[in-house]
Every structure is written in C-alpha cells, then in structure tokens.
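Engineer: Mind having a look at this structure? Questions to follow.
The values are calculated or read from the model by the stated rules, or taken from the named source; none is laboratory data. Just so you know, these numbers come straight off a predicted model, no measurement behind them. Glycine gets a Cβ as well: all are built from the backbone with ideal geometry, and neighbour counts include every protein chain shown. Just the protein is used for accessible areas: all its heavy atoms, side chains included, with ligands, DNA and RNA removed. Shrake-Rupley method; radii C 1.70, N 1.55, O 1.52, S 1.80 Å.
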Amino acid sequence: MDWIVTGASRGIGRALTLALARKAARGDRLFVLARDEGRLRSLAAEAGGEGEVIPIPADLARDGGARAAGTRLAGEVSRGATLIHNAGVWPTRLALVDGVEQAFATNCLGLLALQAPLLDAGLVARVLVVSAGLLVKGRFDAEKTPVGADFSAFRTYCTTKLAGAVAMREAARRHPDVDFAVVHPGVVRTDLGDSPGVLGWIMNLVKRRFEAPEVCADRLVRLLERPQWEAHPGEAPWFHEEQAQPWPVAVDRDEKAVLATLDRLRSEAGREAH
C-alpha cells in the first residue's frame with residue numbers, strides 16, 4: 001500500500017506520517033512531501049514500523065513544483081495509492097508566487113496541480129483533504145482573491161481553504177471512481193499562522209489549549225481506516241473531525257465563482273503554453 005502525505009515536515013503532517021508508519025506493514029511506502037528536505041530526512045529516520053518513508057522535497061505553492069512532484073509520484077507509486085492533502089499556509093502578510101497570492105496558490109491550486117498526474121494515470125484510489133472549519137468565514141472574490149487584492153491576515157486563510165474544498169468537490173465529480181473526502185481535522189496546536197509581536201504572543205498562549213497534533217493524527221488514521229467515505233460516487237463528503245456533516249453554506253454559495261476562476265486560469269495557462 002502506498003500513501004502520499006503533503007506538508008509532512010511539521011505539525012499535523014509530521015504526526016500523521018509517524019502514526020501511519022507505526023501501522024505500516026512490510027512493503028508499505030509513505031511518500032512524504034514538504035519544502036524542507038532536511039526535516040523530511042529527519043522524519044524518515046525517526047519513523048518506525050515495517051514500511052518505507054520516502055522524502056520528496058517539493059514547493060507546492062508553485063504550479064511547476066507541484067506538477068513536477070505529481071509527475072514524479074506518478075512514476076513511482078503503485079495503483080491504489082491514498083493521497084492526503086495536508087500542506088497549507090496561513091499567511092500573515094501579502095506575498096505573491098508567480099503572480100498568484102501565496103495561500104490561494106498553496107491551499108487550492110497546488111492541490112490540483114499535484115494530483116492531476118496521479119488521477120490521469122489512474123493511480124490514486126482515495127484522496128483525503130485536510131481542510132479547516134474556518135472556511136465558513138471565507139468569502140471568495142473571483143477578481144481579488146487570486147491576486148490577493150482582498151488580502152486579510154485572517155480571512156485569506158479561510159477563503160483559500162474554501163476554494164480548495166470547492167475544487168476537491170469538483171474533482172470528485174470528475175473522478176467518481178476515486179473516493180474523496182474533505183475534513184476539518186479539529187482545533188490543533190501547530191505553528192500555522194504564527195506571527196511576531198504582541199498578537200503572536202497572545203495567540204501562542206491561546207494555542208496551549210488546542211489539542212496536540214498527535215491527537216489529531218490518531219483521529220485522521222481512524223478516518224483513513226474506514227473502508228469508504230463516499231456514500232455515493234463523486235459526492236466528496238465533508239467531515240467535521242470524524243462525523244460526516246452537511247457541507248457549509250459558504251461552500252455552496254461560492255462554488256460557481258471558484259470554479260469559473262479555475263476554468264479561467266486553466267484557459268490562460270493553455271494560451272500561454274501555445
């Protein structure tokens with residue numbers, strides 16, 4: 001069995017990799033992705049169990065980096081793999097990556113670019129997206145959000161997680177043979193969204209009450225152990241921790257705008273390629 005875990009160098013991704021490695025059987029492989037190669041190699045050395053942990057350095061904020069990682073994986077993983085989209089950013093200031101706002105590039109576009117070669121090759125059987133309950137606070141603007149014209153140190157994270165969830169629902173409809181799910185993993189103590197100064201200090205105090213990444217990882221493992229997430233092919237259920245719930249209204253509200261934007265970006269990329 002092959003597993004692919006993005007954002008594996010820290011936080012939930014690191015804890016999940018270690019939890020999966022402990023349960024791995026001989027011959028299982030965990031392909032772990034993050035930008036920091038040193039952290040990935042340290043993670044591989046720390047992981048126990050019978051399986052093999054394979055580090056793959058990748059910058060999923062860049063379309064080329066995400067697509068290259070997906071192409072490499074398509075040449076290495078076995079059919080029936082499970083892809084876990086855990087990588088994500090919570091920016092505290094506006095930053096553009098190849099002309100695209102960093103969080104939108106990572107939390108939405110990067111997911112699609114990474115998985116495209118794997119889905120096209122029919123190698124992935126299941127896709128789990130580690131999202132965020134805060135997507136209910138998002139508000140997608142087709143003109144402003146992709147370039148950060150509506151940037152907010154809080155709302156941009158929410159909005160780009162919302163966009164990523166919409167994109168995954170659409171991917172599920174396009175690939176009804178693949179079992180998709182999107183999950184709010186819980187309120188977890190990580191360095192996501194950390195900032196300097198007094199506000200950052202206060203937030204770190206608040207985070208002490210959040211659950212540890214290891215608790216969240218065990219929850220995700222239980223979800224991964226379920227034989228099926230989708231009650232009907234192509235529906236991509238929304239899980240609040242381990243409970244399936246109706247999709248948040250914000251996702252349905254902004255779906256049309258998000259999908260139109262993704263179509264436009266694909267069209268523009270196609271024109272540039274020619």
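Engineer: Roll a 1.4 Å probe over the protein heavy atoms and report the accessible area of His232 in Å², nearest 10.
Structural biologist: 120 Å²
Engineer: Longest exposed-loop-site-free stretch of the chain, with GluC sites (Glu not before Pro), DSSP loop and at most 12 other Cβ within 10 Å? Before the final figure, lay out the partial values.
Structural biologist: Numbers: sites that count: Glu50, Glu143, Glu225.
The longest uninterrupted stretch comes out as 51-142.
Engineer: FRET efficiency for Glu76 and Asp36, Cβ-Cβ distance as r, R0 = 22 Å, nearest 0.05?
Structural biologist: Working: r = 21 Å, r/R0 = 0.93.
After rounding to 0.05, the efficiency reads 0.60.
Engineer: May I ask you to rank Arg41, Arg169, Arg264 by accessible area, largest first, using a 1.4 Å probe over the protein chains only?
Structural biologist: Working: Arg41 140, Arg169 20, Arg264 90 Å².
Sorted descending by solvent-accessible area, the residues read Arg41, Arg264, Arg169.
Engineer: Tell me, what is the percent relative contact order of the chain, built from C-alpha pairs under 8 Å that lie six or more residues apart?
Structural biologist: Numbers: 552 pairs, mean separation 49.5, N = 274.
The value is 18 percent.
Engineer: Note down the accessible area of Thr156, probe 1.4 Å, to the nearest 10 Å².
Structural biologist: About 10 Å², rounded to the nearest 10.
Engineer: Say each of Phe154 and Ala260 gets a label point 7 Å from the Cα, pointing the same way as Cα to Cβ; how far apart are those two points in nm?
Structural biologist: Between Phe154 and Ala260, the simple spin-label model gives 2.8 nm.
Engineer: With the radius of gyration and the Kirkwood radius both derived from the Cα set of the range 1-147, what is their ratio Rg to Rh? Kindly include the intermediate steps, with their values, before the conclusion.
Structural biologist: Numbers: Rg = 15.3 Å, Rh = 15.6 Å.
With Rg and the Kirkwood Rh in hand, the quotient comes to 0.98.
Engineer: Placing unit charges on C-beta atoms (Lys and Arg positive, Asp and Glu negative, everything else neutral), compute the dipole magnitude of the chain about its Cα centre in debye, rounded to 20. Write down the numbers at each step before the final one.
Structural biologist: Values: 35 positive and 35 negative charges, 94 e Å.
With only Lys, Arg, Asp and Glu charged at Cβ, the dipole is about 460 debye.
Engineer: Could you point to the residue in Ala58, Gly13, Val32 farthest towards the positive end of the range 1-118's charge dipole, with +1 and -1 charges on the Cβ of Lys/Arg and Asp/Glu respectively?
Structural biologist: Comparing the listed Cα positions along the dipole, Gly13 ranks first.
Engineer: Find the accessible area per residue for the range 210-274; the probe is 1.4 Å, ligands and nucleic acids are left out, and the unit is Å².
Structural biologist: On the way: 3820 Å² over 65 residues.
The answer is 59 Å² per residue.
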